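Every number here is computed from the coordinates shown, using simple stated rules; none is lab data. Not measured: the values here are computed from a predicted model. Quick reminder, even Gly has a Cβ in these numbers, built from the backbone with ideal geometry, and neighbours come from all protein chains shown.
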Amino acid sequence: MLWRRHTRESGTVTGPPDATSTFDYDARPVTPQVVLVGHRASSGGYALRDFLSRNGCPYQWVDIEDQDRVRALLQFDQVDQARLPICVLPDGTQLARATVEEVARGLGMVSGPSLSEYDLAIVGAGPSGLAASVYAASEGLRTVAVEAVAPGGQAGTTSMIENYLGFPQGISGSEMAARAAAQARRFGAEILLARPLVGVDPDGPGYVARLADGTDVRARALLVATGVEWRRLDVPGVDDLLGAGVYYGAGPSEAVTCLGCRVAVVGGGNSAGQAVVRFSKYASHVTLLVRGQNLGASMSRYLVDRVTRLENVDIRTSTQVVGFEVGTHLEGIMVSPGDGQDLERLPLDNLFLCIGGVPRTNGLTGIGLATDPAGYLRTGSDLSSTPADLDNWRLPRQPLPLETNLPGLFAAGDVRSGSIKRCSAAIGEGSMAVALVHRRLAETGGEADA
Ligand SMILES: Cc1cc2nc3c(=O)[nH]c(=O)nc-3n(C[C@H](O)[C@H](O)[C@H](O)COP(=O)(O)OP(=O)(O)OC[C@H]3O[C@@H](n4cnc5c(N)ncnc54)[C@H](O)[C@@H]3O)c2cc1C
């Protein structure tokens, strides 16, 4: 039997399921039914690969340079470059210039809300939003979660979460995400995929969440669990290379496409360390570029030990990227060794940026949510320490622990000011938020019959 690892595309490395996990969801036997055709170094193709892989949807990637396979698949000799990426759906439909939304819709992954009003709408289905979905639905609340990409959030992109309680051998992020989403759905929570929140408006004592495709979701309480997104690298030319040689984060879908490539990872935290471990299995050589002097300052000891033992990995501290060398694709980067020496050129095929995050609050601006100076949402007693945040607070009580300065609008997980950026913390906050939502619903007229 054929087992594929990490992603379901052609050319993946084969091998037995990973014995360190209870069940390796990334190594399930698969038959790709979706085919993507495009340039590997294209941002559109990257977005599709990331979406399909994170949603556990098997696909085959055919590079446009592979003319025989392209001809056999599409049945014509010349492919107009403007039509790329092309997605061939299981029923044979071809989508030209395919977008994530179109592919999701074509695969039947897009459904509308089934109710005209919910007790709780959750924005983001990372660990925090999924935990809230499980607890809320299991406690009888009419629950919907809205997710821009795929269940699992950042955790869903992690090859192995080593420190989650009860999993002594670790658990892969995709396994955790798949299990949690199935659990939430089993209790009756709806999870609306592939549509980001683009706006929120007050709606009586509740809120209406507006989604990118025009769908409105009404709810008596709202929980924001949108996490963080990667911080941008401030080097000229980086935006032109995004998804085309330079990537924010290091999702599992990219590791196998780096077979035999030269890869560099920027960052000194655990996400950078995990990316290096993952890429080292496929790339010919991996360079870890760290701005600080010492790897141990921000990376867990177990990861430092693993990374330093890898034979095809080179670690450079006190080093920054200062420029790119681009031909038809990314060919190299210029790095500053930071010790007064001349700039150095590193030949390279792919650069992955794991340099920390900023809160994802797009779609939430404009309704007066209080944030800390870095943009994270303030909640609970934090709000009392900055009295101006509560200027418009009209209730006789203070905000509940995970409640923002808008009554009935809660925040949990990485997007919350002062949160601990860990899976278990995000899951704990998502679960705890549900208890607070019950209190808010009681205040606004009791809970509706489920
Ligand atoms: C590579 C990596 C490795 C990690 N390893 C570990 C580890 O070993 N142990 C550990 O404890 N922690 C680890 N973490 C941290 C952990 O994954 C995070 O703390 C956790 O995922 C935070 O959960 P969250 O639900 O708050 O946010 P997220 O995981 O960021 O999820 C937020 C979700 O909201 C969605 N979203 C955002 N904006 C919108 C919008 N406008 N509309 C709809 N949806 C939206 C996003 O698509 C995402 O799915 C790791 C993180 C990374 C990136």
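Some points to look at:
- Efficiency of FRET from Cβ geometry, MET109 and LEU395, R₀ 51 Å, rounded to 0.05: 0.80
- Magnitude of the charge dipole for the range 25-106, about its Cα centre and with charges confined to Cβ atoms of Lys, Arg (+1) and Asp, Glu (-1), is about 180 debye.
- Once the chain from ARG83 to ASN163 is taken as fully extended at 0.36 nm per residue, the excess over their C-alpha distance is 24.4 nm.
- Counting Cα-Cα pairs of the range 25-106 in 5 Å increments starting at 0 gives whole-percent bin shares of 3, 15, 29, 26, 17, 8, 2, 0.
- The range 25-106 - share of DSSP beta bridges that are antiparallel (%, nearest 5): 50
- DSSP-loop GluC sites (Glu not before Pro) across the range 47-112, with at most 11 other Cβ within 10 angstrom: GLU65
- Around ASP201: net Lys/Arg minus Asp/Glu count, Cβ-Cβ under 15 Å: 0
- Estimated FRET transfer efficiency when R0 is 25 angstrom, pair SER138-ILE367 (beta carbons, to 0.05): 0.25
- SER424/ASP240 FRET efficiency (R0 30 Å; Cβ-Cβ; nearest 0.05): 0.20
- A straight chain from LEU233 to SER384 at 0.36 nm per residue would run longer than the Cα-Cα distance by 50.9 nm.
- Rg followed by Dmax, in Å, when the range 167-225 is reduced to its Cα trace: 15.1, 48
- Ellipsoid fit via the Cα gyration tensor, the chain: semi-axes of 37, 27, 21 Å, each the root of five times an eigenvalue, largest first.
- Integer Hz, Karplus 6.51/-1.76/1.60 couplings in order for the range 225-233, x for Gly and Pro: 9, 8, x, 10, 10, 5, 5, 7, 8
- Dipole moment magnitude, nearest 20 debye, the chain about Cα centre, only Lys, Arg, Asp, Glu C-beta charged: 760
- Stretchable slack from ALA374 to LEU73, in nm (0.36 nm times residue separation minus alpha-carbon distance): 103.5 nm
- GNM top mover of VAL265, VAL208, VAL79 - the chain, alpha-carbon springs below 10 Å: VAL79
- log10 of Debye I(q)/I(0), alpha-carbon scatterers only, for the range 238-355 at 0.14 Å⁻¹: -0.51
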